[in-house]
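**Q** Take this structure, written in structure tokens, and hold onto it; I'll ask about it next.
The values are calculated or read from the model by the stated rules, or taken from the named source; none is laboratory data. Being a predicted model, the structure only gives us computed values, none of them experimental. Because the Cβ atoms are built from the backbone with ideal geometry, glycine has one as well, and the counts that use them run over all protein chains shown. Accessible surface is based on the protein model in full, side chains and every heavy atom, while ligands, DNA and RNA are left aside. Shrake-Rupley method; radii C 1.70, N 1.55, O 1.52, S 1.80 Å.
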Amino acid sequence: GWQASMKSGSLSYILPCNRLPVQLMSQVRVYTSNGQKKDLGSEDTNRSTPEETLHKVGTGRQDTTNAGQKQSFLKEPIQVKVKAVLKKREYGPKYTQNNFITGVRAINEFCLKSSDLDQLRKIRRRSPHDDTETFTVYLRSDVEAKSLEVWGSPEALARERKRRKEAEIKYRENLFRNQRLLREYKEFFGNTKPRSSAAAMFFKGPGKVVMVAICINGLNFIFKLLAWVYTGSASMFSEAIHSLADTCNQALLALGISQSARTPDPSHPYGFTNMRYIASLISGVGIFMMGAGLSWYHGIIGLLHPHPIESLLWAYCILAGSLVSEGATLLVAINEIRRSARAKGLSFYQYVVQSRDPSTNVVLLEDAAAVLSVAVAATCMGLTSLTGNPYYDSVGSLGVGTLLGTVSAFLIYTNTEALLGRSIQPEQLQRLTELLESDPVVRAIHDVKATDMGMSKVRFKAEVDFDGRVVTRSYLEKQDIEQLLQEIQQVKTLEELEAFMLKHGENIIDTLGAEVDRLEKDLKQRNPDVRHVDLEIL
């Protein structure tokens, strides 16, 4: 494996691959990777080697020129330093079994009782919930061992899990029947339960506005329908259909308000607040189909087949009463929106366009359209009475349908935007971003998103680059530095160093989690509408 090369009259040699490349000389020390050294100059000089044979070929002039180089190599022997590193550890299932799980998971997943957990080791950890600082967890290995002790074998535990799963499915299947029996029981014996929070919602705020509108529009529909039967006016028929559509849509809004008050469940962790927007969207579609569609249809039929109209005195009286009642409902909706907009720091127009309260917005727009449509219908019916031409009345029906179509298009657009998940105002997002960037523990933030979930609920998400030095310093400020220095001085071996780093490394990670909790609380205090915060660590 020896190789030789001739370059410009000088002879050099390269040692095999398991030795360092050096130039041939009389005294060279070669250090191997295991730290052993070998003195080449102490070998038997009498034994003839290929190196000596090749060395004799060189001239005397070459020996004299290389003498200085040989002396320099003799003074500084080549050394190799090996870096000491920890052996890479393989983390298998045995290690992950020491993960922490909560008591609820231990009871549900391993079919244990709360008394079984009393005998296990309890560990206090930092809580992920805002209302508590710490909570109790258990080692997964201890829980698994306890479950095997209780059930005897993994097969018995699997059978118990299967049995409980089947019982849960059966319970869900019978849940509807049980609820129906409970309603029948209450109807027979009377319901003495205090009024629920869902029912209380209809006595204040948007619920009150919707209930007032349902009552008034229901009465208007009845009176307008009687006036249409008596007069045969197309405009009066459009008004009756308009009131019927308003009554049905506002009943749908009441259903949406009651459903939005439901508490979150595992299937819907963020709650049911969007039910108001869904109900308002369906209401807008209903106004377009029932109100605008039937009004246009009846107006076109009146233009194609005109017929004389009977006395319009009763129609005028009913329209006047409808104008007063619709105006009263409109004032109730306006006052509620003004109060809510003032509380949010928005103008009346911004509150309506952003659809902050979809139920009140629907009532506002429907009643505004009702007042205008009463004015249009009264004007067209008056022109028909003065001229005797029934076409004016049909044109009035078309005008009412066009007005309802415009309102429905606005409702469909605003509620669709809200359901798609729009961002909050740029000024609010900027304030939240400045709060994070001004914190010493944050180096930079990326991919910031703040989504309006509806009904004054905002979800904030950002990827945060934390300053590890500040986090570590925050941890050190809570430690006894002299005791920490003594622990460092006692470290003599790699095993002791590893134990020291693992101990304090886990504590630093807990400190980082506490800093994340602090930032989340600061964001919620800066903007009370922020209900859900997701900070991803880079």
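**Q** Of the peptides 336-347, 362-373, 460-471, 396-407, how do they stack up when ordered by the mean number of other Cβ atoms within 10 Å, highest first?
**A** Numbers: 336-347: 14.6, 362-373: 24.9, 460-471: 16.5, 396-407: 23.3.
With the highest mean Cβ count within 10 Å placed first, the list reads 362-373, 396-407, 460-471, 336-347.
**Q** Taking a probe of 1.4 angstrom, what is the accessible area of ARG177 in Å², to the nearest 10?
**A** 120
**Q** How large is the accessible surface per residue of the stretch 313-430, computed with a 1.4 Å probe and reported in Å² as a whole number?
**A** In whole numbers, the stretch 313-430 has 45 Å² accessible per residue.
**Q** Hey, can you rank 313-319, 100-106 by average C-beta count inside 10 Å, highest first?
**A** The peptides rank, most packed first, as 313-319, 100-106.
**Q** Follow-up question, since we're still on this one. For every other residue with a beta carbon closer than 12 angstrom to the beta carbon of GLU536, add +1 if it is Lys or Arg and -1 if Asp or Glu, then tell me the sum.
**A** Computed value for this residue: -2.
**Q** If R₀ is 25 angstrom, what is the calculated FRET efficiency for the pair LYS503 and LEU148, using the beta carbon separation as r and rounding to 0.05? Walk me through the intermediate numbers first.
**A** Numbers: r = 31 Å, r/R0 = 1.23.
It comes to 0.20.
**Q** Could you sort MET381, MET501, MET453 by accessible area so the largest value comes first, with the probe set to 1.4 Å?
**A** MET501, MET453, MET381
**Q** Based on the Cβ-Cβ distance from GLN425 to ASN335, what FRET efficiency comes out when R0 is 35 Å, to the nearest 0.05?
**A** E between GLN425 and ASN335, to the nearest 0.05, is 0.90.
**Q** Ranked highest first by the average count of other Cβ atoms within 10 Å around their residues, in what order do 115-121, 256-262 fall? Kindly include the intermediate steps, with their values, before the conclusion.
**A** Numbers: 115-121: 12.0, 256-262: 19.4.
Result, highest mean Cβ count within 10 Å first: 256-262, 115-121.
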